[in-house]
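Enquirer: Pasting a structure here, questions to come.
The values are calculated or read from the model by the stated rules, or taken from the named source; none is laboratory data. Keep in mind it's a predicted model, so treat the numbers as computed, not measured. As a convention, Cβ positions derive from the backbone with ideal geometry for all residues, glycine included, and neighbour counts pool all protein chains shown. When the accessible area is computed, the model is the full protein with side chains, heavy atoms only, and any ligands, DNA or RNA have been set aside. Shrake-Rupley method; radii C 1.70, N 1.55, O 1.52, S 1.80 Å.
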Amino acid sequence: MTFVIVIWFFLGLYVLVMSFFEVEKLKGILSGFIIFENDFIEVEEERYELESIKRIELQVSDYYGKLMNNDRHILNPKLSTGTANTLKLVFHSGDFLKRNFEIIAQYDMYPIKYTLIHYYLLKKISFTDLALALEDTSDYDQQELRKEIERVSRLQNKT
């Protein structure tokens with residue numbers, strides 16, 4: 001009987017440990033790309049000119065393999081698919097487009113940092129959304145981001 005209890009204990013421990021390395025299942029289909037450029041945003045091969053966009057709402061807080069705070073069940077997967085990120089384009093017409101998107105690595109938004117700053121300078125995106133998208137969450141990081149925005153603004157005004 002003791003042998004059976006020990007086997008069940010180690011089997012349970014194995015399942016528990018393996019859940020820490022399991023990625024949650026994707027609920028839906030990933031298709032297309034989102035491309036950010038200075039004068040347009042392309043979503044699933046459809047181009048939206050920046051002039052037609054009133055506001056950009058960008059919520060980036062998730063990336064593939066991010067440890068999730070999953071208190072519902074101890075055996076649920078602990079790693080995220082990275083798809084809990086949202087882009088919402090609000091158009092001058094009042095229409096909007098909202099898409100979830102996947103981020104593979106924590107700092108995947110950094111390559112488009114200056115494009116996002118450009119959007120901010122055009123008053124298309126809030127400072128909060130900009131800072132969170134770039135993972136600049138501390139006061140120091142946000143002060144540095146403000147300095148960077150000021151430098152970019154001065155450069156744009158020179159040209």
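Enquirer: Using a simple spin-label model with points 7 Å from Cα along the Cα→Cβ vector, what separation in nm is obtained for residue 153 and residue 95?
Expert: The modelled label-to-label distance comes out at 3.3 nm.
Enquirer: Here is a further query. Please compute the per residue accessible area over the range 76-159 with all protein chains in place, 1.4 Å probe, rounded to a whole number of Å². If you can, show how the numbers build up before the last one.
Expert: Numbers: 4800 Å² over 84 residues.
So the range 76-159 comes to 57 Å² accessible per residue, rounded to a whole number.
Enquirer: Further question on the same structure: Where a ≥ b ≥ c are the square roots of the eigenvalues of the C-alpha gyration tensor, would you call the range 26-159 rounded, which needs a/c under 1.5, or, failing that, prolate if a/b is larger than b/c, or oblate?
Expert: Details: a/c = 2.39, a/b = 1.39, b/c = 1.72.
Because a/c hits 1.5 or more and a/b fails to exceed b/c, the range 26-159 counts as oblate.
Enquirer: Which entries in the list 88/123; 123/147; 54/113; 66/123; 98/147 go over 24 Å, if you measure between the two C-alpha atoms of each? Could you put the intermediate results ahead of the total?
Expert: Values: 88/123 15 Å; 123/147 17 Å; 54/113 20 Å; 66/123 31 Å; 98/147 31 Å.
Over 24 Å apart, Cα to Cα: 66/123; 98/147.
Enquirer: Just to verify a number: what accessible area does residue 147 come out at with the full protein assembly present, 1.4 Å probe, Å² rounded to tens?
Expert: We get 110 Å² for residue 147.
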